[in-house]
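Scroll down for the structure; my scribbles are underneath it.
No lab work stands behind these numbers, since they all come straight from the coordinates. Just so it is clear, the model here is predicted, and its values are computed rather than measured. Glycine also receives a Cβ, built like all others from the backbone with ideal geometry; neighbour counts cover every protein chain displayed.
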Amino acid sequence: MNQFRVFLGTLLSSLRDLLPIILVVAFFQIVVIRQPVPDLGGILLGTLLVILGLAFFVRGLEQALFPIGETVAYAFARKANLFWLLIFAFALGFGTTIAEPALTAVAAEAAKIAAADGHIAQQPASMARYALGLRLTVAVAVGVAIVAGVFRIIRGWPIQYFIMGGYIGVVIMTWFAPPEIIGIAYDSGGVTTSTVTVPLVTALGVGLASSIQGRNPMIDGFGLIAFASLTPMIFVMAYGMVV
Amino acid sequence: MEFLQHLLNTGISTISDVLPIAGIIFGFQLLVLRQNIPNLKSVLVGFVYVLIGLTLFLVGLEEALFPLGKLMAQQLTDPEFIRSTVHAVGDSLQWSDYKWIYLFAAAIGFATTIAEPSLIAVAIKAHQVSAGAITVWGLRTAVAIGVAVGIALGTFRIITGTPLHYYIIAGYIIVLIQTLYAPRSIIALAYDSGGVTTSTVTVPLVAALGLGLASTIPGRSPLLDGFGLIAFASLFPIMSVMGYAQLGEWRLRRMNNARNDNDSEDSE
């Protein structure tokens with residue numbers, strides 16, 4: 001009974017999260033566009049699914065993703081084993097990215113563009129190899145980003161130097177990279193931060209910063225996601241130059 | 001039937017997204033750290049919630065919101081529609097004739113950001129860590145305002161055809177200056193906010209808007225300008241989140257000053 005009430009509360013707050021979208025769509029449909037909406041029943045059903053899905057996700061977030069991210073962070077901080085922590089950071093970044101469906105889609109699209117440009121042979125085998133290479137590149141980039149970010153948290157270095165350095169790197173690479181890879185490179189930065197990765201990585205960073213002495217979770221704990229959306233741009237442009 | 005097939009496919013792809021992550025975490029926890037997981041049953045149930053939640057969320061978006069949002073973007077960027085909203089019929093459209101598009105861009109940017117699950121996660125964490133100084137809704141609203149301004153400006157850029165890198169470089173310079181003056185505790189969170197916004201809900205709708213706009217206006221490349229909008233959406237939240245913290249600090253300082261003034265009056 002109590003469980004049910006908690007879930008009802010989550011459901012209501014999901015409805016509130018979706019309300020702005022519903023209002024915007026309704027306003028533009030009724031006031032500005034003034035044309036009949038196709039398949040109104042399907043849209044209502046879909047909206048219901050979105051609200052339900054968001055409610056389940058937020059419950060799962062607080063019951064699984066946050067606690068497990070923190071548990072691992074505390075355990076590593078207690079053991080003080082830097083080597084395994086960095087291995088874990090790389091595995092987490094690499095593992096969450098290589099299987100990301102959005103990245104698979106972008107990589108396939110990029111292979112098509114490259115084949116159409118005559119950059120690689122227009123055969124399924126070489127296109128699949130190019131797409132896989134791109135996915136591996138992005139996954140390694142995110143792995144490196146989490147390793148660098150975790151190392152920064154442990155040392156307590158200010159984040160802005162890394163970010164500024166990263167942006168300068170992006171600008172320099174944009175200069176030298178072949179034009180057709182640039183759009184894909186910029187896009188791959190946004191693709192990597194999936195809905196499951198973000199809560200886990202945030203919990204890991206904040207957990208580490210709060211269990212290491214002298215670190216402030218607000219100042220040092222965040223920033224892993226910023227790293228993970230920066231490095232893929234640089235790595236993918238490098239991939240475009242090499243392949 | 002088609003709907004069930006869609007549900008099943010999305011479910012499978014969500015599982016294949018979550019499984020490696022769960023594998024890595026449980027593997028390290030059991031083999032390297034050699035520790036049991038506290039509340040194992042509750043955590044496993046939570047993972048199932050995440051799977052169900054993401055699947056329903058994605059299917060709902062793809063069944064309802066994305067087709068409708070894309071249709072609306074097409075309708076609003078249709079040259080016929082834009083002409084019909086302009087009273088004095090001229091030969092060429094001015095950038096100011098696209099007012100409904102700017103409004104739609106800002107409104108949809110704001111609304112989709114509020115519903116972005118990754119942002120909800122980061123906001124919950126920031127609220128916990130800051131001991132309540134940052135509220136969940138405060139952060140989400142700040143990020144959503146940033147996205148709204150960014151996307152509206154991005155559509156203005158597509159319409160006027162001014163080069164993307166001017167805006168981005170100017171944006172980076174503002175971020176740099178703000179970084180020097182913003183409270184230290186907000187900086188990392190602000191940078192994270194930029195990466196979080198370009199996620200599940202916002203990207204497809206914004207890309208549809210950019211695509212519609214770029215194919216309506218002669219001389220624009222749909223591919224390039226669609227990407228441009230997303231770059232705006234991840235740059236401007238960095239500014240608005242730092243601005244949010246600066247505003248909070250300024251108000252606190254003013255309140256303290258007012259109190260000090262009162263105190264000194266009392267002592268006289």
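For B:ALA144, neighbours were defined as the other residues whose beta-carbon sits under 14 Å from its Cβ, and their charges (Lys and Arg +1, Asp and Glu -1) total 0. Centroid-to-centroid, using Cα positions, region B:111-168 and region B:14-86 are 19 Å apart.
Charge tally for B:GLU63 (other residues, Cβ to Cβ under 11 Å; Lys, Arg +1; Asp, Glu -1): -3.
Calculated mean residue ellipticity at 222 nm for chain B: -27000 deg cm²/dmol, from DSSP H runs with n ≥ 4 weighted as -39500 (n - 2.57), summed, divided by the residue count and rounded to 500.
With a Förster radius of 35 Å applied to the C-beta separation of A:ASP117 and A:ILE172, the computed FRET efficiency comes to 0.90. Expressed in Å, the radius of gyration and Dmax of the Cα atoms of chain B are 23.0, 81. Scattering from region A:191-243 was approximated by placing one identical point on each alpha carbon and applying the Debye formula without solvent; log10 I(q)/I(0) at 0.14 1/Å stands at -0.47. Computing Rg and the Kirkwood Rh from the Cα coordinates of the protein assembly as shown gives a ratio, Rg/Rh, of 0.97. Computed with the Debye formula from one identical point scatterer per Cα of region A:118-243, without solvent, the log10 of I(q)/I(0) at q = 0.10, 0.17, 0.22 Å⁻¹ comes to -0.36, -0.86, -1.20. Ordering of B:8-17, B:160-169, B:247-256 by packing is B:8-17, B:160-169, B:247-256, highest average first (other Cβ atoms within 10 Å, averaged per residue). The simple spin-label model puts a point 7 Å past each Cα toward its Cβ; for B:ILE15 and B:SER96 those points are separated by 5.9 nm. Suppose R0 equals 22 Å; then what is the FRET efficiency for B:LYS41 and A:TRP84 from their Cβ-Cβ distance, rounded to the nearest 0.05? Efficiency for this residue pair is about 0.25.
Residues B:ASP78, A:ASP17 in ascending order of nearby Cβ atoms (within 10 Å, fewest first): B:ASP78, A:ASP17. Considering only A:ALA105, A:ALA26, A:ALA77, the mean-square fluctuation computed in a Gaussian network model of chain A, springs between alpha carbons under 10 angstrom, is largest for A:ALA26.
Contact order, relative form, for chain A: 24 percent (alpha carbon pairs under 8 Å, 6 or more residues apart, mean separation divided by residue count).
On the beta carbon distance between A:ARG34 and B:ASP261, with R0 = 45 Å, the FRET formula returns roughly 0.20.
When all alpha carbon pairs of region A:52-200 are counted in 10 Å bins from zero, the resulting P(r) reads 10, 30, 33, 20, 7, 0 %. An ellipsoid equivalent to region A:1-62, defined through the eigenvalues of its Cα gyration tensor, has semi-axes of 29, 12, 9 Å when rounded to whole angstrom and sorted largest first.
GNM, chain B, Cα, under 10 Å: largest mean-square fluctuation among B:VAL50, B:VAL147, B:VAL241? Of B:VAL50, B:VAL147, B:VAL241, the Gaussian network model singles out B:VAL50 as fluctuating most.
Each residue in A:THR104, B:THR135 was given a count of other beta-carbon atoms within 10 angstrom of its own, and listing them fewest first yields B:THR135, A:THR104.
Stokes-Einstein diffusion for region B:110-268 at 37 °C, viscosity 0.692 mPa s, with a Kirkwood radius from C-alpha pairs, works out to 194 µm²/s.
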